[in-house]
1. How would you rank 253-259, 118-124, highest first, on the average number of other Cβ atoms within 10 Å across their residues?
2. With unit charges on the beta carbon (Lys/Arg positive, Asp/Glu negative), name the residue among Leu180, Leu277, Phe238 whose Cα is farthest towards the positive pole of the charge dipole of the range 180-286.
3. How would Ile143, Ile89, Ile222 line up from fewest to most surrounding beta-carbon atoms within 10 angstrom?
4. Rank by packing, highest mean first: peptides 144-156, 271-283, with packing defined as the count of other Cβ atoms within 10 Å averaged across residues.
5. Alpha carbon centre of the range 221-254 versus the range 69-134: separation in Å?
6. Among 319-327, 109-117, 53-61, how do they line up by average Cβ neighbours within 10 Å per residue, starting with the highest?
Amino acid sequence: MADTAARQRPAASRRSAVRSLLRLWPYVRPVRRQLISASLLAVVASCLGLVLPLVLKWMVDGPVRNGDTAGVWLGGGLLLLLGAAEAGIFGVRRRLVARPLAAVEASMREAFLRHIQQLPLSAHDRWPPGQLLSRGTADLQSIHVFLAVPLTFLPVNAVTLLVGCVLLPAQQWLLGLVFLASALPLLALGPFLEARYARASRQVREQNGDLTTAVTESVLGIRVVKSFGHQRSLIRAFQRRAARLRGTELRKARLLATLSALLVALPEAALGAALALGAVQVADGETSAGTLVAFLAIALELRPAMTSTGLLLAMSSEAATAADRYADVMDEPADFAANPNPNPNPNPNPDPDPNPDPDPDPDPNPDPAANANPAPAAASSWTARTSRR
């Protein structure tokens, strides 16, 4: 049994995540309108969320400061309206992509099953059954999750952060620079951690396929294993593979934890520093209370986009690995492609006689006894030999 099927595709490890995900385009192309519409709706909803801090600034510096009760009620109603519109748009987006994404996954599963049924026997000898099983189940599930969540929310987070980076300095440039300075370490360490996570994700999936292969082969050959007394050796081999898979999973979890910690800790520290500096400016009269409230509200609105980006990048990396593994099987030449002109009639005689001559010399006086059933004679001979014994 091959230890891993990745050795057959060394170029997959050198392919970028974007190129790997672009290989899904033939399956996503029929539902591209729904996905683009859903992404645009999500961007609109996210921008509505960034309008809420501006309404808060108007309320604090206007009706609240002047004691205008009617203005406070008006601002509260406007906030409620914007929040309801944001929630409704996200609900419409969810309903818009639910059925198309299920259809994409179903079409990929159907194409995968049809292709492996057309593969020659030599391909099935090269591919362990656990590798094919993991590519047809777990990898397709990862691709479905990517199409449902990261494909939409990574562009949404990018637009949200871009708009927020414009609004924060517009409220107070010094506070904006303090908060945006936390992005510099992320830009430096993010690609390095993402590349290591991608390698660990690929290794986890290959080891998972090898472990599935070991279990499948042990179950199918359980009688042979017991007859030769190899239960203990197979159990030890299974434990070694499981321990190796566990170690790789823990390494992947540590990488994700490091990336998530950076995405959470740095913005929180920058937000605390900006809050302290803003309080000093409000006390000195350099900044209004409404401006500080709007700044903090915008920063809090950007925090989910920053903290979720690490998880979305990890999911995208896993989906890129899954797309490569799926394409590894789909790139295998099918049986009809390997032999485009098969000969359906393997008769070695190229020119058979279209009018075969019947028996040229039939016996004019056939012996009726020749066609008699030889079974009684054979039975009598067997009885005679038995009686002599």
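1. 253-259, 118-124
2. Phe238
3. Starting with the residue having the fewest Cβ neighbours, the order is Ile222, Ile89, Ile143.
4. Averaged packing, sorted descending, gives the order 144-156, 271-283.
5. Computed from Cα coordinates, the inter-centre distance equals 34 Å.
6. Ranking, from highest mean packing down: 319-327, 53-61, 109-117.
Quick note: the coordinates plus some simple rules give every number you see, no bench work behind them. None of these values were measured; they are calculated from a predicted model. Methodologically, a virtual Cβ is constructed for each residue, glycine included, from the backbone with ideal geometry; neighbour enumeration extends over all protein chains shown.
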